[in-house]
């Protein structure tokens, strides 16, 4: 069997990692071994953060709705229970936007559930 020269393929693979390491400091950007390790960790944190963002945004929406519902004299859980009971299908994201930007519309939705 003939010998396989891997120059091009190996260089291509390494360059892909080094391109992802752009912006890192010192040998983390220049040396493949350090860059590969750091890129692997960075991609892992990126994966985790995509899930954490969803969690954080939902928390923010609930906090906004809770604060607005307290101004109307009810609690978040009572408001959400009334919305579900009266088949008002509006998600937390839109409800929190109304609570933060257009309180009169939020109040109208609240009145509709009573």
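All of the numbers you see were taken from the coordinates with simple rules; none came from a lab. Because the structure is a prediction, the values reported are computed rather than measured. Glycine also receives a Cβ, built like all others from the backbone with ideal geometry; neighbour counts cover every protein chain displayed.
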> So, by mean Cβ neighbours within 10 angstrom, what's the order for 61-71, 75-85 with the highest one leading?
Replying inline: 61-71, 75-85
>> How large is the translational diffusion coefficient of the chain in µm² per second when you combine the Kirkwood radius over alpha carbon pairs with Stokes-Einstein at 25 °C and 0.890 mPa s?
In response: 134
>> If you average the C-alpha positions of the range 82-101 and of the range 54-79 separately, how far apart do those two centres end up, in angstrom?
In response: 10
>> What do you get for the angle between helix 103-113 and the principal long axis of the chain? Use alpha-carbon atoms, 0 to 90 degrees, nearest ten.
In response: 60
> Once every DSSP H run of n ≥ 4 in the chain is given -39500 (n - 2.57) and the sum is divided by its residues, what mean residue ellipticity at 222 nm do you get, rounded to the nearest 500 deg cm²/dmol?
Replying inline: -25500 deg cm²/dmol
>> Using 10 Å bins from zero, what percent of all Cα-Cα pairs in the range 32-84 falls into each bin?
In response: 22, 27, 19, 15, 11, 6, 0
>> Given points 7 Å out from each Cα along the Cα-Cβ axis, report the residue 46 to residue 108 separation in nanometres with one decimal.
In response: 4.3
